[in-house]
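The values are calculated or read from the model by the stated rules, or taken from the named source; none is laboratory data. The structure presented is a predicted model; accordingly, all values stated were derived computationally and were not measured. In this analysis, Cβ positions are derived from the backbone assuming ideal geometry, glycine residues included, and neighbour counts consider all displayed protein chains. Note: areas computed on protein heavy atoms with side chains; ligands, DNA, RNA excluded. Shrake-Rupley method; radii C 1.70, N 1.55, O 1.52, S 1.80 Å.
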Amino acid sequence: MARGTSSYHRELATSKRESVLAAATELFLEDGYDRTSLARIAERAGVSKATLFKQFPTKAALFEATVLAAGGTAVPQPVDVPLADFTAGLVALGRAYAELVTRPEMTALMRTVIAESPRFPELRERTFDFGTLPVLAALGRYLRDAHAAGVAEIDDPDTASAQFLGMIASSVFWPRLVHGTWSITDEEQEQVVEAAARTIAARYGAS
């Protein structure tokens with residue numbers, strides 16, 4: 001009986017958290033950070049303020065959670081590629097990253113961070129742990145595994161990851177963030193990912 005009750009409460013807590021994050025995302029994007037209150041989020045989510053405050057004691061903490069949730073979808077299956085083909089693995093991971101940063105809600109939330117943080121110190125002081133996002137965590141594991149398997153020579157996976165993702169983001173994310181009407185075709189995006197993968201493979205691939 002206790003196990004069933006415990007499982008029920010866990011499922012209920014998960015459901016409430018998902019409702020809160022969905023409501024928060026909607027309101028932050030509709031009204032901005034300043035005009036969105038925790039009370040309004042609780043009302044739209046259909047939970048009590050006590051329940052919301054228990055999970056998210058501050059608005060900044062909830063906003064951070066909405067950003068991370070927007071990028072929290074599991075990594076697609078094609079990312080699971082043989083280590084022996086280092087370039088192919090990078091291409092698969094690069095595609096997953098490009099898909100993540102071009103999601104409309106991700107772009108909109110990051111635009112809100114940039115626009116609102118100068119007026120709200122609590123946003124500037126939050127540490128957005130993007131390394132927990134599945135795509136980025138998978139890239140880190142892949143680079144470390146490639147080094148361990150001898151198919152790449154990567155002493156600093158964090159630097160290699162930043163270089164790889166930076167090449168992709170500079171073409172598929174930052175222009176979209178700055179210019180709302182900017183667009184890139186699927187073919188052009190694929191070319192960006194493949195070029196970045198080849199560059200990293202040429203730099204770090206084992207000879």
Q: Run T159 past the list (1) at pLDDT 90 or above; (2) open to solvent by 50 Å² or more (accessible area, probe 1.4 Å); (3) under 16 Å from A108 (Cβ atoms) and report the number of the one that doesn't hold.
A: (3)
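What residue, among those in the range 166-199 that are aromatic (F, W, Y) and open to solvent by 30 Å² or more (accessible area, probe 1.4 Å), is nearest to L109 (Cα to Cα)?
By that ranking, first place goes to W174.
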Q: For R111, state whether it is assigned to a helix (DSSP H, G or I), touching a helix residue (DSSP H, G or I) at 6+ places or on another chain (Cβ under 8 Å) and either surrounded by fewer than 18 Cβ atoms within 10 Å (Cβ to Cβ) or modelled with pLDDT of 90 or more (or both).
A: yes
Q) What pairs can you find where one residue is in the range 17-41 and without any contact (Cβ under 8 Å) to a residue 12 or more places away in the chain, the other is of a type in the set (S, T, N, Q) and open to solvent by 50 Å² or more (accessible area, probe 1.4 Å), and their Cβ atoms are less than 9 Å apart, with a gap of 6+ or different chains? A) none
Q: Mind listing whichever residues of the range 62-85 are in a helix (DSSP H, G or I) and at pLDDT below 65?
A: Q77, P78, V79
Q. Hey, among the residues in the range 114-156 that are among the hydroxyl-bearing types (S, T, Y) and farther than 20 Å from R35 by Cα, which one's modelled with the highest pLDDT?
A. Y142
Q: Identify all residues within the range 31-59 that are under 17 Å from E18 (Cβ atoms), part of a loop (DSSP other than H, G, I, E, B) and not aliphatic (A, V, I, L, M); write none if there are none.
A: G46, S48, F56
Q) Do you know which residues across the range 16-47 are at negative phi and open to solvent by 60 Å² or more (accessible area, probe 1.4 Å)? A) K16, R17, E18, E26, L29, E30, D34, R35, R40, E43, R44
Q | Within the range 43-58, tally of residues that are farther than 20 Å from T112 by Cβ, hydrophobic (A, V, I, L, M, F, W, C) and in contact (Cβ under 8 Å) with a residue 12 or more places away in the chain | A | 2
